[in-house]
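The structure appears right after this line, and notes come after that.
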Amino acid sequence: MAITSEKVERARISPMHAAKDIAVITRRNLLRNIRLPQLLIFATVQPVMFLLLFNYVFGGAIGQAIPAIAQGKYINWLLPGLLIQVAAFGAGQTALGLTEDLSKGVIDRFRSLPMARSAVLAGRTLSDLIRNGFVITLMVVMGFVMGFRYQTSFIGFVAGLLVAMMFAFALSWIMASIGLAVKNPEAAQSATFLGVFPLVFASSVFVPTQTMPDWLRTFAEVQPITVTTNALRGLMLGQEALAEFGPGINPVQALADAPSVHGQVLMSLLWSIGILMIFVPLSVRVYRRTVG
Amino acid sequence: MSKPIVRVENIVKVFKKANVRALDGVSLEFGAGIVYGLLGPNGAGKTTLIRVLTTLLRADSGYAEVAGVDVAADPTSARTHIGLAGQYAAVDEYLTGRENVEMVGRLYNLPAKEATKRADEVLHNIGLAEAADRTVRTYSGGMRRRLDLAASLVGRPQVLFLDEPTTGIDPQSRLGLWDIIRDLVAGGTTVLLTTQYLDEADQLANRIAVIDNGRLIAQGTGDELKDQMGGSVIELHVGDEVRDQAIEALTGLSTEAAAFDQYRGSLRLPAPDGSQTLLNVVRRLDERSIAVQDIALHKPTLDDVFLTLTGRGAAEAEAEAEKVTTSKRRGPRGRSN
Ligand SMILES: Nc1ncnc2c1ncn2[C@@H]1O[C@H](COP(=O)(O)OP(=O)(O)OP(=O)(O)O)[C@@H](O)[C@H]1O
Ligand SMILES: [Mg+2]
């Protein structure tokens, strides 16, 4: 390759080549989970603990205020919410993984190789999606053992899981941006916690939003964690799961006031797509700036 | 020299936030098949230059070319020709040695089978065949460095960049690594390595460039650099109160007057006749009844080269590099050049 004064032809990386690179990086990230099973165990233990605690400690009290479709079983109502909680907290792993790679110089190594630039980020979010899928599966199994039963159809149930995965994937990209911006693992973790914790609690994950004060309820009902939790409940338990029932409430009116299932599913998907549209390019930009 | 395989022209890199002029107009070039040693103290700009050449960092100005490819204009092509083992081993703790190397092979775009074969080969050559299937977590620091080197070799790079490959490695392993590097060069690879040790550059490098404060201050073979030193050096410690007396006493015994190295608190003077000069020095000091606390004859070190080239020791240069934020012209330019 001689140097000429003409404009230099830049080598391009074909989509096939990029797909291979993404697969290689994804596999590498997943291997880490297998070699360091603590990662997966901790990622699973915490939500399972929540599942047990909430079901047996609060189940009795909150169980009264939940929709009848949950058949008085708080676990039916709780599990979809906890799946979203897991997705939300699990997304922090994306930030953690990236900051670790950055600080250990692994990303420098990758950048010195003739590989697709996108592979580091795509491989990371993809492997986290798969990891999330695994944790969600464990949770669902645990839920079934504790008495969870979907009330719609298997298809509704699976559709719910897919909505959850989509949401988890979108959150991963938010966390990728944060991780790359703050650069250090501890800071990334606090940032995740600070952001996710209030959102998870100010949502319908644990209790119906109808029980919240108006100002909080207004916020809680539009934010993505509530919307996605509702979407899952609707898909797994049916329309009635989104209505507020209880003493002194007219069930017909309550059902009429409830948000519709497909409305919530659509909103959740819009949230996910919106997040991806903003945070994929943002992560890529921050990545270039951080390592360039 | 045939067509240069690495060509650097007037590269400038300023880290604006830190207000550091890490590279201040560096130019160098060399042909294929040699070891080029970049010698300099902490903060000299060695890593920064390697990062520019390996496409990790864009220079502010200047031109850099590796294997005929402009690294700024076509980084992807440049990357197919290079291998990098950075200053800190960038290996994955939770993968095995083999998985690490195979992965890098795949990212060099080798087919899976070929990557496996190549990984076996380089792991064997580098003496990690037995540990290949253990996770890197169980590796020692030296093994990690070697694994990092193995990974940088798997793509059969034309030019290999090694940033302080032997720092933090025991002397035995260091020799082993030198042999590996020599074998690579014998096999046609070109190596650019950085080091803080003159003897390493001397043993390994066909050509050496001394870098300080982002500028090349000398280039040549090891012998050429040492010739500027006039061979071995005598280093002696005397009490502060007799220092000037000692300097005076030693005039005429060497090619130069004894110089005081503030940083080390010692007097140094070239010993063109080796131990004979040492004997003369001891005798002279004895005649004048000047008490010597400590005296030694040694081969020129980086410190001596520095002292000669810049008029200050390497340790001192490093301390100064911490303070100096923008590169100004250095003070005394050394006595012998
Ligand atoms: N990312 C950065 N941001 C700000 N300053 C930097 C950055 N990287 C390097 N520097 C500064 O640039 C100068 C040259 O650093 P460089 O790492 O190239 O030195 P070096 O010769 O490799 O030193 P060492 O022997 O310690 O590895 C130093 O003053 C360093 O502090
Ligand atoms: Mg360095």
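The values are calculated or read from the model by the stated rules, or taken from the named source; none is laboratory data. Values in this document were obtained by computation on a predicted structure and should not be read as measured data. Note: ideal-geometry Cβ built from the backbone for every residue, glycine included; neighbour counts use all protein chains shown.
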In this structure, does B:Ile5 turn out to be more than 16 Å from ligand 2 (Cβ to nearest atom) and either within 13 Å of another protein chain (Cβ to nearest Cβ) or in contact with a Gly (Cβ under 7 Å, 6 or more places away or on another chain) (or both)? yes
Scanning segment B:41-76 for residues that are facing chain A (nearest Cβ under 7 Å) and more than 30 Å from B:Met143 (Cα to Cα), the one nearest to ligand 1 (Cβ to nearest atom) turns out to be B:Arg58
Among (1) touching a residue at least 60 places away in the same chain (Cβ under 8 Å); (2) closer than 20 Å to B:Gly83 by Cβ; (3) more than 16 Å from ligand 2 (Cβ to nearest atom), the one test that B:Gln219 misses: (2)
Those helices (runs of 4 or more DSSP H) lying entirely in segment B:152-244 with at least 1 residues among the hydroxyl-bearing types (Ser, Thr, Tyr) and more than 30 Å from B:Val20 (Cβ to Cβ): B:171-186
Residue satisfying all of: in segment B:12-29; within 16 Å of ligand 2 (Cβ to nearest atom) and aliphatic (A, V, I, L, M); surrounded by the most Cβ atoms within 10 Å (Cβ to Cβ) among these: B:Leu23
Here is a check on your reading of the model: is B:Ala89 modelled with pLDDT under 95 and crowded, with 22+ Cβ neighbours inside 10 Å? yes
Filtering segment B:86-98 down to residues that are more than 7 Å from chain A (Cβ to nearest Cβ) and of a type outside the set (Lys, Arg) yields B:Gln87, B:Ala89, B:Val91, B:Glu93, B:Thr96, B:Gly97
Counting only residues that are assigned to a helix (DSSP H, G or I), in contact with a Lys or Arg (Cβ under 8 Å, 6 or more places away or on another chain) and touching a residue at least 24 places away in the same chain (Cβ under 8 Å), segment B:119-133 contains a total of 2
Kindly indicate whether any position in segment B:30-39 is within 16 Å of ligand 2 (Cβ to nearest atom) and within 14 Å of another protein chain (Cβ to nearest Cβ). no
Within segment B:134-148, restricting to residues that are part of a helix (DSSP H, G or I) and away from every other protein chain (no Cβ under 12 Å), the one that is farthest from ligand 1 (Cβ to nearest atom) is B:Met143
Within segment B:163-186, identify whether any single residue is among the aromatic types (Phe, Trp, Tyr), crowded, with 21+ Cβ neighbours inside 10 Å and closer than 26 Å to B:Leu53 by Cα, and answer yes or no. no
Give segment B:6-40 a look and list any residue that's more than 8 Å from ligand 1 (Cβ to nearest atom), over 20 Å from B:Leu225 (Cβ atoms) and part of a loop (DSSP other than H, G, I, E, B), or say none. B:Lys16, B:Asn19, B:Ala32, B:Gly33
Quick one: which helices (runs of 4 or more DSSP H) lie wholly within segment A:60-161 and hold at least 2 residues that are within 14 Å of chain B (Cβ to nearest Cβ)? A:92-103, A:106-111, A:118-145
Of all residues in segment A:182-214 being β-branched (Val, Ile, Thr) and touching a residue at least 24 places away in the same chain (Cβ under 8 Å), which is farthest from A:Arg289 (Cα to Cα)? A:Thr211
